[in-house]
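S.K.: Pasting a structure below so you can have a look.
Any read-out appearing in this document is the output of simple, stated calculations on the displayed coordinates, not a laboratory observation. These figures come from a predicted structure and were not determined experimentally. Positions of Cβ are generated from backbone atoms using ideal geometry, with glycine treated the same way; all protein chains shown enter the neighbour counts.
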Amino acid sequence: MVSLIAFLDKLRRPFETNDPGRRIAHEVLFMVPVIVAVGFFGQAAASDVAYTVVLTVVFAVTIVLRFLLINEKGDWLFFLVGIIGGGGNDMSSMINGVYNYTSLTVLPFLSGLMPAWMIAFWGQVFLLFRKLFNHPWFKGPGFKKDKELLRGWLSKKLLVDIILLVVLRIAIYQTYREPVLPAAIYGGIVLARLLVFRPQKHELRIICILPYAFAFEGLMVAFGLYEYYNPVFLGLPVWMFIWWTFLVPIVVKQAFDMIEYVLVRKQEDTTK
């Protein structure tokens, strides 16, 4: 046991860093095997469940290595939030028919929906978001209780964004088959929100780097993992580009800031 711990410590040393850019790079590094595996086996998994098993094994091994080698305090929480939030949103979209996962699944209750490994992969995506949001360029002022609603936990802006989040999801469930209407609804609502609550500098910077998210999702579509209705670029519909612009820098960032605030307060309480 002692020798195993020493061996793991030795493996972790190259990844030990406080540099925010390197921390992002390390997170991306552990996503690459999954992306490559989808490139090789994504289309085949649509007709042979054995390839879904291969993808599941690749993800499982990768995420175990990731947590062994670059885990940071609080990462497990963000991983679970990704599974529940990202995976849950994905599952809801599948149930409502917004897009179609072609990959077969090994779990009967997910038949016709999506593979289990993809639900868990959202946890890994959220870990990357955490590293991005903690970079000085994108960090922003962080969460502060403003004493507006729910003892400061809910600001007027966050309340509006939660309402818009629900409205946008309901809208896409009803209109996704239309070629123009979803983009018009999403574009109008998101533009109005950004005019009422002007985005801060860190939010604009996050929006500027979102092409990485579009490219990633475009790769998944190109590799045959899933498909959208009415794609216009990279296999994605217009409304999806607008959705990412609202979801990641606005909603997800606010949620992450609140979680980081709780983690810091908890750490301070334990050190008193």
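S.K.: Quickly run through the stretch 165-182 and pick out the residues that are over 30 Å from Pro20 (Cβ atoms) and assigned to a helix (DSSP H, G or I). Talk me through it step by step, then tell me what you get.
M.R.: Initial filter on the stretch 165-182 (over 30 Å from Pro20 (Cβ atoms)): 166-182.
Scanning the stretch 165-182 gives Val166, Val167, Leu168, Arg169, Ile170, Ala171, Ile172, Tyr173, Gln174, Thr175, Leu181, Pro182.
S.K.: Ok, one more. State which residue is surrounded by the fewest Cβ atoms within 10 Å (Cβ to Cβ) when the search covers only the stretch 220-240 and only residues that are closer than 16 Å to Glu178 by Cβ and aromatic (Phe, Trp, Tyr).
M.R.: Just the residues of the stretch 220-240 that are closer than 16 Å to Glu178 by Cβ, to begin with: 228-232, 236-240.
If we keep only those that are aromatic (Phe, Trp, Tyr) too, we end up with 228-229, 239.
Working: Tyr228: 18, Tyr229: 15, Trp239: 28.
Filtering the stretch 220-240 for residues that are closer than 16 Å to Glu178 by Cβ and aromatic (Phe, Trp, Tyr), the one surrounded by the fewest Cβ atoms within 10 Å (Cβ to Cβ) comes out as Tyr229.
S.K.: Also, quick follow-up: Checking the condition of a type in the set (Phe, Trp, Tyr) and more than 18 Å from the chain's Cα centre (by Cα), which residue from Phe67, Phe40, Phe79, Phe59 passes? Walk me through it before giving the result.
M.R.: Numbers: Phe67 fails: more than 18 Å from the chain's Cα centre (by Cα); Phe79 fails: more than 18 Å from the chain's Cα centre (by Cα); Phe59 fails: more than 18 Å from the chain's Cα centre (by Cα).
Going through Phe67, Phe40, Phe79, Phe59 in turn, just one is of a type in the set (Phe, Trp, Tyr) and more than 18 Å from the chain's Cα centre (by Cα): Phe40.
S.K.: In the stretch 213-272, what residues are outside any helix (DSSP H, G or I) and of a type in the set (S, T, N, Q)?
M.R.: Scanning the stretch 213-272 gives a single hit, Asn230.
S.K.: Could I ask something else about it? Tell me whether the stretch 196-211 contains one or more residues that are crowded, with 19+ Cβ neighbours inside 10 Å and more than 28 Å from Leu29 (Cα to Cα).
M.R.: No, the stretch 196-211 contains no residue that is crowded, with 19+ Cβ neighbours inside 10 Å and more than 28 Å from Leu29 (Cα to Cα).
S.K.: Just to verify a result, which residue in the stretch 217-272, among those that are more than 16 Å from the chain's Cα centre (by Cα) and among the acidic types (Asp, Glu), is farthest from Ile35 (Cα to Cα)?
M.R.: Asp269
S.K.: Still on this structure, I have one more. Would you mind telling me which numbered condition in (1) without any contact (Cβ under 8 Å) to a residue 24 or more places away in the chain; (2) surrounded by 13 or more Cβ atoms within 10 Å (Cβ to Cβ); (3) not small (Gly, Ala, Ser) Arg13 fails?
M.R.: Result: Arg13 fails condition (2) only.
Rundown of residues vs (1) in contact with a Lys or Arg (Cβ under 6 Å, 6 or more places away or on another chain); (2) of a type in the set (A, V, I, L, M); (3) within 26 Å of Ala6 (Cβ to Cβ), yes/no style:
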{"position": "Glu72", "(1), (2), (3)": "no, no, yes"}
{"position": "Asp75", "(1), (2), (3)": "no, no, yes"}
{"position": "Val81", "(1), (2), (3)": "no, yes, no"}
{"position": "Gly85", "(1), (2), (3)": "no, no, no"}
{"position": "Ile95", "(1), (2), (3)": "no, yes, no"}
{"position": "Val98", "(1), (2), (3)": "no, yes, no"}
{"position": "Phe109", "(1), (2), (3)": "no, no, no"}
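S.K.: Given the conditions (1) surrounded by 12 or more Cβ atoms within 10 Å (Cβ to Cβ); (2) over 22 Å from Ala222 (Cα atoms); (3) out of contact with any Gly (no Cβ under 6 Å at 6 or more places or on another chain), which single one is not true for Ala6?
M.R.: Tallying (1) surrounded by 12 or more Cβ atoms within 10 Å (Cβ to Cβ); (2) over 22 Å from Ala222 (Cα atoms); (3) out of contact with any Gly (no Cβ under 6 Å at 6 or more places or on another chain), Ala6 fails exactly one: (1).
S.K.: So which residues in the stretch 1-55 are in contact with a helix residue (DSSP H, G or I) (Cβ under 6 Å, 6 or more places away or on another chain) and of a type in the set (S, T, N, Q)?
M.R.: The one that is in contact with a helix residue (DSSP H, G or I) (Cβ under 6 Å, 6 or more places away or on another chain) and of a type in the set (S, T, N, Q): Thr52.
S.K.: Looking only at the stretch 58-74, decide whether some residue is touching a helix residue (DSSP H, G or I) at 6+ places or on another chain (Cβ under 6 Å), more than 30 Å from Arg265 (Cβ to Cβ), in contact (Cβ under 8 Å) with a residue 24 or more places away in the chain and β-branched (Val, Ile, Thr).
M.R.: Checked against the condition, which is being touching a helix residue (DSSP H, G or I) at 6+ places or on another chain (Cβ under 6 Å), more than 30 Å from Arg265 (Cβ to Cβ), in contact (Cβ under 8 Å) with a residue 24 or more places away in the chain and β-branched (Val, Ile, Thr), the stretch 58-74 yields at least one hit.
S.K.: Please work out if Gln174 is loosely packed, with under 15 Cβ neighbours inside 10 Å and within 15 Å of Thr245 (Cβ to Cβ).
M.R.: Values: loosely packed, with under 15 Cβ neighbours inside 10 Å: yes; within 15 Å of Thr245 (Cβ to Cβ): no.
No; evaluated as a whole, the condition is false for this residue.
S.K.: Any residue at all in the stretch 92-115 that is surrounded by 17 or more Cβ atoms within 10 Å (Cβ to Cβ) and under 12 Å from the mean Cα position of the chain (by Cα)?
M.R.: No - not one qualifying residue is present in the stretch 92-115.
S.K.: Go through the stretch 35-50 residue by residue and tally those that are part of a helix (DSSP H, G or I), surrounded by fewer than 20 Cβ atoms within 10 Å (Cβ to Cβ) and in contact (Cβ under 8 Å) with a residue 40 or more places away in the chain. Talk me through it step by step, then tell me what you get.
M.R.: In the first step, residues of the stretch 35-50 are kept if they are part of a helix (DSSP H, G or I); the result is 35-41, 44-46, 49-50.
Next, only the ones that are surrounded by fewer than 20 Cβ atoms within 10 Å (Cβ to Cβ) stay: 35-36, 39-40, 44, 46, 49-50.
Filter once more, so that each one left must be in contact (Cβ under 8 Å) with a residue 40 or more places away in the chain: 35, 39, 46, 49.
Within the stretch 35-50, residues that are part of a helix (DSSP H, G or I), surrounded by fewer than 20 Cβ atoms within 10 Å (Cβ to Cβ) and in contact (Cβ under 8 Å) with a residue 40 or more places away in the chain number 4.
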